[in-house]
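My structure is below; once you've seen it, I'll send some questions.
The values are calculated or read from the model by the stated rules, or taken from the named source; none is laboratory data. The structure presented is a predicted model; accordingly, all values stated were derived computationally and were not measured. When we count neighbours, we look across all protein chains shown, and the Cβ atoms used for this are built from the backbone with ideal geometry, even at glycine. Heavy atoms of the whole protein, side chains included, go into the accessibility calculation; ligands, DNA and RNA do not. Shrake-Rupley method; radii C 1.70, N 1.55, O 1.52, S 1.80 Å.
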Amino acid sequence: MIQISEVKLSEIAKITGHDKSVISRYFKGYPDEVVTRVNKRIVGICPEAANEYFNAAGLTYLDQGAVILLGNICGGVGKTTGTNNITAGLRRMINRNDPIICIDGDAQSSCTRHIFGDYAPDNALLLIDFLEDRASIDDILTPLENNIWFLKSNLNQASIERVLSRPQDFKNGMLRFYNAIFDKFGTKAKLIQDHNPSINAVLMSSLAAIHQLQPDMLRALLIPIRSDEYAINGARTLLRDLKIMKDTFSLYGEIDIHCYFSSMDGRISTMASVLEQANKDKNIVKHLSAVGVRFSDEVHKSIDKKENVYSKNPTNKAAQDYNELIHYTFRSKSC
Ligand SMILES: Nc1ncnc2c1ncn2[C@@H]1O[C@H](COP(=O)(O)OP(=O)(O)O)[C@@H](O)[C@H]1O
Ligand SMILES: [Mg+2]
């Protein structure tokens, strides 16, 4: 289950820069199904109302279709945490007519376990079954509440390396998958995809695929990094291999790439040394995100309880920062 809490006016105010009283006035006559009130004061709004307000404020970028891949060769950097919270964060702010699809591309299945408490059953049809033509999109997706769909994983997924080993399959495999998703759900669907920490076929084939999708869609690689050299090296290696892969398969055009600090601890000495490290690589500097996620106890707590950072009080640091990351990623689409 992916719990989604209502959006608070303070969150909308932070994103739009509007005064809370202005937002409150906008929703004044709205019915109770859309706006929750306590003593006539608005305390929360539903995703449709939030989406409508962003559009009215000219922030229409959330309406575009999207494939967002989270990747880093280094483990423990926040890929799964990011996938989980970006899915929940998006769902709170986007009209529920538009589907959100969360894809666990990691055979270790930490995202699946986080949401469902267990791996996909051994006999479950997985992404690998779609790629080998044994299953359709409908067979492999699990519907959750609020028009969220989930593609589960388990260790059987590890054989995908073999399935995507021939160059043609590598180039077209995940592309066929995305096209089938957009055929089913429409071009405003948003996909968020987790990966294991390696140069693996799912991640690289997905990167090849999003280069081939329509450029009017958000096609982004988010690379979470931690404040240490190992995580920075993981990002650097991924960016280097992405370039090699693009050259090998003659993939032109650019996708959006954002390296973001996923757990900033604010200790200046650590940040200074990691920025010095990042600064050694012009590729990382080029793609360094203007927003990051601060270290927050709320992240650990939400993982322990199998929730997300928005589940309880969405005004904690991590929730605010994930909001910013989501809007930054959509807003700064390059093409
Ligand atoms: N903003 C944050 N604040 C505190 N801890 C964080 C934050 N982001 C990630 N973490 C911690 O980092 C750990 C690894 O995150 P995870 O998403 O599992 O990494 P990955 O999927 O890259 O292996 C998690 O246990 C989580 O508690
Ligand atoms: Mg993970």
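Could you list, in sequence order, all residues of the range 283-308 that are of a type in the set (Val, Ile, Thr), in a loop (DSSP other than H, G, I, E, B) and more than 16 Å from ligand 2 (Cβ to nearest atom)?
Of the range 283-308, the ones of a type in the set (Val, Ile, Thr) are 284-285, 291, 293, 299, 303.
Okay, now just the ones that are also in a loop (DSSP other than H, G, I, E, B), so 291, 293.
Selection gives VAL291 alone.
Can you give me the number of residues within the range 37-61 that are over 15 Å from MET93 (Cα atoms) and not hydrophobic (A, V, I, L, M, F, W, C)?
Adding up the residues that qualify gives 4.
Could we say that SER269 is within 16 Å of ligand 2 (Cβ to nearest atom) and open to solvent by 20 Å² or more (accessible area, probe 1.4 Å) here?
Details: within 16 Å of ligand 2 (Cβ to nearest atom): no; open to solvent by 20 Å² or more (accessible area, probe 1.4 Å): yes.
So SER269 fails the test.
Here's a follow-up. Out of the helices (runs of 4 or more DSSP H) lying entirely within the range 107-222, which hold 1 or more residues that are away from ligand 2 (no atom under 16 Å from the Cβ), of a type outside the set (Gly, Ala, Ser) and over 18 Å from the mean Cα position of the chain (by Cα)? Quick ask: steps written out before the conclusion?
Values: elements: 110-116, 127-131, 137-140, 160-163, 167-185, 201-212.
Per the criteria, 127-131, 137-140, 160-163, 167-185, 201-212.
Which of the residues belonging to the range 58-72 are buried (at least 23 other Cβ atoms within 10 Å of the Cβ) and either in a loop (DSSP other than H, G, I, E, B) or within 16 Å of ligand 2 (Cβ to nearest atom) (or both)?
Passing the criteria: ILE68, LEU69, LEU70, GLY71, ASN72.
Is the range 167-179 home to any residue that is in contact with a Gly (Cβ under 6 Å, 6 or more places away or on another chain) and open to solvent by less than 30 Å² (accessible area, probe 1.4 Å)?
no
Same structure again: Which pairs have Cβ atoms under 6 Å, sit 6 or more apart or on different chains, and link a residue in the range 243-265 that is farther than 23 Å from GLY65 by Cβ to one that is open to solvent by 40 Å² or more (accessible area, probe 1.4 Å) and part of a strand (DSSP E or B)?
CYS259/LEU288; MET264/ARG294
Taking the criterion of being at pLDDT 90 or above and either more than 22 Å from LEU207 (Cβ to Cβ) or not polar (S, T, N, Q) (or both), would at least one residue in the range 272-283 satisfy it?
No, every residue in the range 272-283 fails to be at pLDDT 90 or above and either more than 22 Å from LEU207 (Cβ to Cβ) or not polar (S, T, N, Q) (or both).
Mind checking which pairs have a first residue in the range 312-328 that is within 10 Å of ILE86 (Cα to Cα) and touching a residue at least 40 places away in the same chain (Cβ under 8 Å) and a second that is buried (at least 19 other Cβ atoms within 10 Å of the Cβ) and of a type in the set (Ser, Thr, Tyr), Cβ under 6 Å, 6 or more apart or different chains?
ALA319/TYR310
Could you tell me which residue of the range 111-123 is farthest from ligand 1 (Cβ to nearest atom), considering only residues that are closer than 22 Å to ASN200 by Cα and surrounded by 20 or more Cβ atoms within 10 Å (Cβ to Cβ)?
ALA120
Each row is one residue, and each column tells you yes or no for (1) in contact with a Phe, Trp or Tyr (Cβ under 8 Å, 6 or more places away or on another chain); (2) of a type in the set (A, V, I, L, M); (3) at pLDDT 95 or above; (4) under 30 Å from GLU254 (Cα atoms).
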site	(1), (2), (3), (4)
LYS286	no, no, no, yes
PHE295	no, no, no, no
ASN308	no, no, yes, no
THR315	no, no, no, no
GLN320	no, no, yes, yes
GLU324	no, no, yes, yes
TYR328	no, no, yes, yes
